Each structure stands twice: as C-alpha cells, then as structure tokens.
Amino acid sequence: MSRFCYLGNMIDAGGGAEAAVTARIRSGWKKFRELAPFLTFRAPPPKVKGKVYAACIRKCMTYGSETWSLKSDSAQRLERTEMRMVRWMCGTSLREKQRGEDLLQSMGLTKITDEIRQSRLRWYGHVVRREESHWLKKAWRFEVVGPRPRGRPRKTWDETLAEDLRLSNLANVDVRNRTEWNRAIKERQRPTP
C-alpha cells in the first residue's frame with residue numbers, strides 16, 4: 001500500500017503533499033456542493049458568503065496543511081480550485097475579466113496559500129515552544145540515515161518554513177513569546193482593505 005488515509009489526511013509512502021492536496025480539494029468540492037444553494041444565491045452579501053466559505057469549505061481544504069511542504073504546482077491547484085469556487089459564488093466568469101484579488105477582497109478573504117502559510121507558521125511556533133524531550137520536537141529533528149536517492153531532493157518542511165519566514169518578514173520576531181508571535185503572524189497575513 002503506497003498511500004493511506006490517517007485522520008482525514010492522505011499519507012504517501014514517497015513523501016510529499018500531492019496526495020493530501022488532491023484529497024483536500026475533493027473534500028472541498030464536496031462541501032461546496034452541499035452549501036451551493038446558499039453560496040450561489042444572489043441575495044446574501046459577498047462578505048457573508050466569504051465568512052461561510054472560510055468557516056466551512058476553506059477549513060476543509062486546508063485541514064492538515066501545517067505539515068505540507070507544497071510544490072508550486074500543488075499550490076497553484078489549490079489557488080485555481082479556490083478561484084473557481086469564488087467566481088461561482090460571485091456569479092462571474094473568466095470572460096468578464098474581473099481580477100481574482102478583487103473578488104477575494106470583496107468577500108473579505110486572502111489567498112488560500114497565504115492562509116496555509118499562516119497556519120504553518122502558527123504550527124511552527126507550537127513546535128518551537130515545546131520542551132526538548134517532547135516527541136514532536138524529536139520527530140522534527142529526526143535525521144534519516146542511508147544513501148539518498150538520485151535526483152533533486154524533495155523540498156523539506158524546514159525549507160518551506162524558511163521561505164515562509166522570509167516572505168512574512170518574521171525573522172526578528174521572538175517565537176517563544178506566544179502572544180507577540182501570533183500577533184505578528186496575523187498582521188503579516190491580514191487582507192488589504
């Protein structure tokens with residue numbers, strides 16, 4: 001068995017998050033179709049639709065994303081899926097040439113990749129604040145011994161995290177101070193008005 005589902009998250013024997021992203025996208029579409037009568041109805045304001053979407057569908061699509069080291073094609077798949085849903089909720093098509101950022105802003109949302117980055121940084125804070133003897137810290141620092149396979153190595157969670165810290169300008173914020181760290185993450189990821 002090369003992959004299996006554990007607590008709603010797909011685990012692949014080869015590593016990577018592609019199977020998990022595919023499973024989460026399917027779950028998101030399933031939840032969207034359940035809520036489509038409300039979300040595609042014209043009467044509710046876009047902000048209300050955005051809140052329902054963020055609470056139900058986006059949470060379903062980003063479940064377990066704290067541990068993903070996303071490749072760019074997986075991130076693009078998530079963004080494309082979200083934009084299809086957002087355009088459907090807004091009743092617009094690609095032919096109308098409305099920018100996706102404007103539609104997201106009208107619903108009070110940020111990009112799904114920004115939300116994943118925020119949750120990954122929040123999880124990183126939890127891991128760093130753990131005591132050294134905790135199993136989570138040991139698993140994070142676990143080194144695999146043996147020969148490496150040929151080719152370019154997979155992108156690790158640490159590399160993804162370093163990129164997140166660089167993109168969010170959080171290198172100078174103290175991770176051990178929980179309130180300061182959470183405030184800094186929320187400030188960096190807040191949608192522009």
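The values are calculated or read from the model by the stated rules, or taken from the named source; none is laboratory data. Treat the numbers as computed from the prediction; the structure is a model and nothing was measured. Glycine gets a Cβ as well: all are built from the backbone with ideal geometry, and neighbour counts include every protein chain shown. Side chains included, ligands, DNA and RNA excluded: accessible areas come from the protein's heavy atoms. Shrake-Rupley method; radii C 1.70, N 1.55, O 1.52, S 1.80 Å.
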Inset, instruction - Per residue, how big is the convex hull around the C-alpha atoms of the chain? Give it to me in cubic angstrom, could you? - result: 157
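How would you rank 155-167, 133-145, highest first, on the average number of other Cβ atoms within 10 Å across their residues?
155-167, 133-145
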Inset, instruction - Express the relative contact order of the chain as a whole percentage, based on alpha carbon pairs under 8 Å and six or more residues apart in sequence. - result: 21
Inset, instruction - Tell me the label-point distance for the pair residue 166, residue 48, using the 7 Å Cα-to-Cβ offset, in nm and rounded to one decimal. - result: 4.4
Legend entry - Accessible area per residue, Å², region 23-146 with all protein chains present, probe 1.4 Å: 59
Legend entry - Amide hydrogen neighbours beyond the local backbone of residue 3, cut-off 5 Å, H modeled: 13
Inset, instruction - Would you mind counting up the charge near residue 40? Only other residues with Cβ under 13 Å from its Cβ, with Lys and Arg at +1 and Asp and Glu at -1. - result: +4
Legend entry - Karplus-derived 3J(HN,Hα), 6.51/-1.76/1.60, for each residue of region 156-167, Hz, glycine and proline x: 8, 5, 5, 5, 4, 5, 4, 5, 4, 5, 5, 5
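Please report the net charge: other residues with Cβ closer than 10 Å to the Cβ of residue 94, K and R +1, D and E -1.
Net local charge, residue 94 excluded: +3.
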Inset, instruction - Past 28 Å, Cα to Cα, is the threshold; run 31/71; 47/137; 59/186; 51/186 against it and keep the listed order. - result: 47/137
Inset, instruction - Just report the Cα centroid separation between region 1-72 and region 136-177, whole Å. - result: 24
Legend entry - Helix axis angle, 112-129 relative to the chain longest principal axis, alpha carbon, degrees: 30
Legend entry - Prolate/oblate/rounded call for region 133-193, Cα gyration tensor, a/c under 1.5 rounded: oblate
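Using a cut-off of 12 Å between beta-carbons, work out the net charge of the residues near residue 103 (Lys and Arg +1, Asp and Glu -1, residue 103 not included).
That sum, taken over residues with Cβ under 12 Å, equals +2.
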Inset, instruction - Quick one: give the max-minus-min coordinate of the C-alpha atoms of region 1-115 along each principal axis, largest first, in Å. - result: 47, 26, 22
Inset, instruction - First compute the accessible area of region 40-193 with a 1.4 Å probe, then give the percent of it belonging to carbon and sulfur atoms. - result: 52
